[in-house]
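Everything on this sheet refers to the single structure shown next.
The values are calculated or read from the model by the stated rules, or taken from the named source; none is laboratory data. What you are looking at is a predicted structure, and each value in this text was computed from that prediction instead of being measured. Glycine gets a Cβ as well: all are built from the backbone with ideal geometry, and neighbour counts include every protein chain shown.
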Amino acid sequence: MGKLLVVALVGIAAALVAERLVAFRNRLNASREVAPVSLPNCRLIKGIEAGSEDIDILPNGLAFISSGLKYPGLKSFAPDKPGEIFLLDLNEDNPRAVELRISRGFDLASFNPHGISTYVDKDDTVYLFVVNHPHLKSTVELFKFVEDDNSLVHLKTIRHDLLTSVNDVVAMGPDCFYATNDHYFSDFILMFLEMFLGLTWSNVVYYSPKEVKEVASGFYSANGINISPDKKYIYVADILDHNVYVMEKHANWSLTHVKMLQLDTLVDNLSIDPHTGDIWTGCHPNGMKLFYYDPENLPASEVLRIQNILSEEPVVTRVYSDNGSVLQGSSVASIYGGKLLIGTVFHRALYCDL
């Protein structure tokens, strides 16, 4: 009887593991391939070799790019080099990446930038919020951009118990923001177990010097976050659930669920067209290739445009896709002046005509 019980328990455990493995592969879209979709006049940005994970473009066409992300389980082409923030002037015919100098006193050696967001104050001061992972922890760094000498002045480092595994931020003011935590745990092994078991413990947090609180929860892995042009709605990408959530923003900064748009790809960062309200997103067609990097089977890139997301029938268009031969692991797509700038987790950055 005892042996039968052991066999039964082992069988149940094996069945549960097998079920979780199948579910995990489905969440990673492990079998998905995409047909190529090309754009005219595409060129790689010189100077960006180790990632362009997030991009934020000012109304005047200056684009900030975070580069050099080192993240558990992901490839890095420059594992021993600190991260950087680049600037591109998209008004130029052939924009080039310029590394922004960071003021003294900031720990450059451990700089590991992830998601970014800009805020332009009433006096035209430009603030740059940068998710940072020094020593694989999570902070949000606040900088002031000085255009005259292409530099960033570090203003403060933000830490909080609710900012445990920050992926992205969207600035709401010169010192407040919404942030996504892509995992509940910060330890790599526990993070993997969280994903493997399909736990929906990821969340969105609102931060200000006066108040910090959870404002949305129940995500598999909350990733990119942004705001509608009219400032009424917050958009959140759940990368492991292949969807974009729409949430209404209230006067007390709380969020309420409005709708969810299901997609067939791993949605990463979200950019908003300030004129039309369209959502542009860099996606991972096959997450297995991203997490288990193989130079013989490269991670692909995909860019989607989402129009009229608040309507009953949003229009989703695949604008660009590549098998990795040109661009590997697209994480963000932003537009300016009829051009599309595509960033990646750990690879290059691509600039195309639309």
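Mind listing whichever residues of region 31-41 are β-branched (V, I, T) and either modelled with pLDDT under 95 or outside any strand (DSSP E or B) (or both)?
Taking region 31-41 as the starting set, the residues that turn out to be β-branched (V, I, T) are 34, 37.
Across region 31-41, the qualifying residue is only V34.
Matching residues to (1) on the phi > 0 side of the Ramachandran plot; (2) touching a strand residue (DSSP E or B) at 6+ places or on another chain (Cβ under 8 Å); (3) among the hydroxyl-bearing types (S, T, Y); (4) at pLDDT below 95:
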| position | (1), (2), (3), (4) |
| --- | --- |
| R43 | no, yes, no, no |
| I48 | no, yes, no, no |
| S52 | no, yes, yes, no |
| N60 | no, no, no, no |
| S66 | no, yes, yes, no |
| R101 | no, yes, no, no |
| R104 | no, no, no, yes |
| A109 | no, no, no, no |
Legend entry - Extreme residue, nearest to D56 (Cα to Cα), among residues of region 83-103 that are of a type in the set (D, E, K, R) and surrounded by fewer than 12 Cβ atoms within 10 Å (Cβ to Cβ): E92
Inset, instruction - Would you point out the residue of region 333-354, among those that are assigned to a loop (DSSP other than H, G, I, E, B) and of a type outside the set (K, R), that is surrounded by the fewest Cβ atoms within 10 Å (Cβ to Cβ)? - result: G338
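Name the residues in region 109-139 that are surrounded by fewer than 13 Cβ atoms within 10 Å (Cβ to Cβ) and within 21 Å of V166 (Cβ to Cβ), would you? Working first, answer last.
The first filter runs over region 109-139 and keeps only residues surrounded by fewer than 13 Cβ atoms within 10 Å (Cβ to Cβ), leaving 109, 121-125, 135.
Answer for region 109-139, where residues must be surrounded by fewer than 13 Cβ atoms within 10 Å (Cβ to Cβ) and within 21 Å of V166 (Cβ to Cβ): A109, H135.
Identify all residues within region 29-38 that are aliphatic (A, V, I, L, M) and exposed (fewer than 13 other Cβ atoms within 10 Å of the Cβ); write none if there are none.
Within region 29-38, the first condition is being aliphatic (A, V, I, L, M), and the residues that meet it are 30, 34-35, 37.
Scanning region 29-38 gives a single hit, A35.
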Inset, instruction - Could you grab me the full set of residues in region 148-181 that are among the small types (G, A, S) and within 22 Å of E84 (Cα to Cα)? - result: S151, S165, A171, A179
Inset, instruction - State whether one or more residues within region 252-264 are among the charged types (D, E, K, R), more than 15 Å from the chain's Cα centre (by Cα) and farther than 19 Å from T118 by Cα. - result: yes
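Could you tell me how many of the residues in region 87-127 are touching a residue at least 60 places away in the same chain (Cβ under 8 Å), among the hydrophobic types (A, V, I, L, M, F, W, C) and part of a loop (DSSP other than H, G, I, E, B)? Steps first, please.
Our first condition is that a residue be touching a residue at least 60 places away in the same chain (Cβ under 8 Å); within region 87-127, this holds for 87-88, 90-91, 95, 97, 113-118, 120, 126.
Subsequent filtering for residues that are among the hydrophobic types (A, V, I, L, M, F, W, C) retains 87-88, 90, 97, 116, 120, 126.
Among the residues that remain, those that are also part of a loop (DSSP other than H, G, I, E, B) are: 90, 97.
Counting residues in region 87-127 that are touching a residue at least 60 places away in the same chain (Cβ under 8 Å), among the hydrophobic types (A, V, I, L, M, F, W, C) and part of a loop (DSSP other than H, G, I, E, B) gives 2.
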Inset, instruction - Kindly indicate the residue of region 39-82 that is acidic (D, E) and over 19 Å from I225 (Cβ atoms) and also surrounded by the most Cβ atoms within 10 Å (Cβ to Cβ) among those meeting that condition. - result: E49
Legend entry - Every residue from region 193-229 that is without any contact (Cβ under 8 Å) to a residue 40 or more places away in the chain, at negative phi and part of a strand (DSSP E or B): S202, N203, S217, F219
Legend entry - Conditions (1) surrounded by fewer than 20 Cβ atoms within 10 Å (Cβ to Cβ); (2) more than 30 Å from S31 (Cβ to Cβ); (3) not β-branched (V, I, T): number failed by Y207: (1)
